[in-house]
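The block underneath contains the structure these notes are about, expressed in structure tokens.
The values are calculated or read from the model by the stated rules, or taken from the named source; none is laboratory data. The shown structure was predicted, so the numbers you read here are calculated from the model rather than taken from an experiment. So basically every Cβ, Gly included, is an ideal-geometry build from the backbone, and we count neighbours across all protein chains shown. These area figures cover heavy atoms from the full protein model, side chains too; ligands, DNA and RNA do not enter into them. Shrake-Rupley method; radii C 1.70, N 1.55, O 1.52, S 1.80 Å.
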Amino acid sequence: MNRFENTESFALSADAQDAIASLRDAFHFPSVGRESSIYFCGNSLGLQPVKASTYIQQELEDWSHLGVEGHMHARKPWFPYHEFLRESTARLVGGMPHEVVVMNSLTVNLHLLMVSFYRPQGKRFKILFENGPFSSDRYAFASQAAYHGLDPKEALVELPLRDGEQTHRNEDVIQAIQDLGDSLALVLIGGVNYYSGQLFDMQSITKAAHEVGAVVGFDLAHAAGNIPLKLHDWDVDFAAWCSYKYLNAGPGAVAGAFVHDRHSNNSSLPRFAGWWGNDPETRFTMPTEFIPRKGADGWQLSNAPVFSMAALRASMELFDEAGMDRLSAKSQSLTSYLEYVVGEVNHAVKGVNHIGIITPQNWRGCQLSLVVSKNGKAIHDALLADGIITDWRHPDVIRVAPVPMYNSFLDVYQFGQSLIRAIQSNS
Ligand SMILES: *Cc1c(COP(=O)(O)O)cnc(C)c1O
């Protein structure tokens, strides 16, 4: 017997039993297509926490009242502002507090960390990544290889998919690592692929890569705030993520980085340095010699973007309140419900259209990538006109992310009803 029902009353009762349902009230919902849209794009741009404006407003006030004195005397002093995010960020990614830092933006952090951790030498120069990485990551890999005087065509290894399959089997990732062996310098995979929604087995990938002497990093843009992470225990060398997707810190928000403890005191690693990575004790004496701060902090370049960090604080408080365990438990049942509802939609529109799902059933976060075999763009647009915000990916994919922080079972039920109407009016 199925534990789900495709009815409004089932969705409402599931919401009534959801212990973290009230977190929804901590967010502003856009009004596109209806007064309060149904939002499934938290994988692209998270919603605005209600408290974000209070926290940003506080910094604007302190700046207006204190000017430069705010560095030390703001209610939340700007000089150590990134420290206010340390503990919650460490909890979020499973790192020790000194292993994480909030800084820069994602692609910048990938570059900075590759400067330190992609160190091609002799025949060990290849970078392995998943099929179809985010464009920015591919550009970063290719330009890093070129920076070392290598031909990106030889240095970059994009893991092939098996014929007729759209996601990877973990055994194939491990096999590719073993086959590359001592030619492999770096594995840098999207922990959750942005397109397929596939979650990778980061622990076994890290172990296999270390066994052949390679370094392992993960781009966690689609994993941070979506998947429980244990970066320290998994022994990952480094990671980077953005904060405007599942972390709800707003467009272009300040990003995050993780550097494993075993590298944190290694001042011999090459790095592109800036004054904020220097020991704060001596930072303002402007010493001529750079003395990196211990831990991930030593990779910082510039002083903290306080307004962006203020918005992130508002969101991280909610992650602390909910806890990744509860979010993840809700995520699994909400996304399973979405999967079930898509099956019910297929039943209702049989012979008219068919919705497939690329995302692997057992390796995923909240996102499902739906393949719409006919009129996908028109169906996406019809959903939007009905106030249901999803994400269109050419040529035939609609990404739908029911985010446990603010989506409900009712949202998912209503999505299914709207999808049936959209398919019927576009057939
Ligand atoms: C969203 C995303 C990016 C975006 O990079 P920015 O530097 O934040 O603009 C890069 N890589 C991946 C995998 C992403 O999902």
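A cut-off under 14 angstrom between Cβ atoms defines the neighbours of residue 376, and their net charge, with Lys, Arg +1 and Asp, Glu -1, is +1. Of the beta bridges in the chain, as assigned by DSSP with both residues counted there, near 60 percent are antiparallel. Rounded to whole Å, give me the distance from the Cα center of region 226-260 to that of region 92-122. For region 226-260 versus region 92-122, the Cα centre distance is 10 Å.
Positive-end ranking of 229, 315, 252 along the dipole of region 55-322, with charges on Cβ about the Cα centre, is headed by 252.
Specify the residue with the greatest mean-square fluctuation among 138, 124, 283, computed from a Gaussian network of the chain linking alpha-carbon atoms under 10 Å apart. Evaluated over the chain, the most mobile residue of the options is 283. Taking a Cβ cut-off of under 10 Å around residue 320, the surrounding Lys, Arg, Asp and Glu residues balance to a net charge of -2, with basic ones at +1 and acidic ones at -1. Amide H contacts of residue 104: 255, each under 5 Å away and 5 or more positions distant or on a separate chain (H built 1.01 Å from N in the peptide plane; Pro and chain starts excluded). Rounded to the nearest 10 degrees, the inclination of helix 409-424 to the longest alpha-carbon principal axis of the chain is 60 degrees. What aspartates and glutamates sit close enough to residue 374 to cross-link, taking a C-alpha to C-alpha distance under 17 Å and skipping anything fewer than 8 places away on the same chain? Answer for residue 374, where 17 Å is the Cα cut-off: 391, 396, listed by chain and number. Rg then Dmax, both in Å and based on the Cα atoms of region 327-421: 12.4, 37. The long axis of helix 135-147 is offset from the longest Cα principal axis of the chain by roughly 30 degrees. Take the Kirkwood radius over Cα pairs of region 55-322, plug it into Stokes-Einstein at 10 °C and 1.306 mPa s, and you get 83 µm²/s for translational diffusion.
The string of couplings for region 115-121 from the Karplus curve (6.51, -1.76, 1.60, θ = phi - 60°) is 4, 7, 10, 9, 10, x, 9 Hz, one whole number per residue in order, with x for Gly and Pro.
Nothing charged except the Cβ atoms of Lys and Arg (+1) and of Asp and Glu (-1): what's the magnitude of the dipole of the chain about its Cα centre? Round to the nearest 20 debye.
I would put it at about 420 debye.
Note on region 29-125: with charges restricted to the Cβ of Lys and Arg (+1) and Asp and Glu (-1), its dipole about the Cα centre is near 600 debye. Residues whose amide H comes within less than 5 Å of that of residue 28, counting only those at least five positions distant or on another chain, are 48, 50 (H built at 1.01 Å from N in the peptide plane). Calculate what fraction, in whole %, of the accessible area of region 55-322 sits on carbon and sulfur atoms when a 1.4 Å probe is rolled over the protein chains. That share works out to 53 percent.
Taking Cβ atoms as reference points and 12 Å as the exclusive limit, the residues near residue 119 contribute a net charge of +1, counting Lys and Arg as +1 and Asp and Glu as -1.
Computed from phi, the 3J(HN,Hα) profile of region 333-342 under the Karplus parametrisation 6.51, -1.76, 1.60 (θ = phi - 60°) reads 6, 5, 6, 5, 5, 4, 4, 5, 5, 4 Hz, with x in place of Gly and Pro. Every helix of 4 or more DSSP H residues in the chain counts as -39500 (n - 2.57), and over all residues that averages to -11500 deg cm²/dmol at 222 nm.
Shown in residue order for region 279-295 are the 3J(HN,Hα) couplings computed by the Karplus curve 6.51 cos²θ - 1.76 cosθ + 1.60 at θ = phi - 60°: 3, x, 4, 10, 4, 7, 7, 6, x, 6, 9, 7, 10, x, 5, 5, x Hz (x for Gly and Pro).
Restricting the chymotrypsin sites (Phe, Trp or Tyr not before Pro) of region 266-304 to loop positions (DSSP other than H, G, I, E, B) with no more than 12 neighbouring Cβ atoms within 10 Å leaves 272, 284.
If you line up the long axis of helix 306-322 against the longest principal axis of the chain, both from Cα atoms, how many degrees apart are they, to the nearest 10? With both axes taken from Cα atoms, the answer is about 60 degrees. On a per residue basis, the chain carries 42 Å² of accessible surface, using protein heavy atoms and a 1.4 Å probe. Taking the charge dipole of the chain about its Cα centre, with +1 at Lys and Arg Cβ atoms and -1 at Asp and Glu Cβ atoms, the residue from 292, 55, 143 reaching farthest to the positive side is 143.
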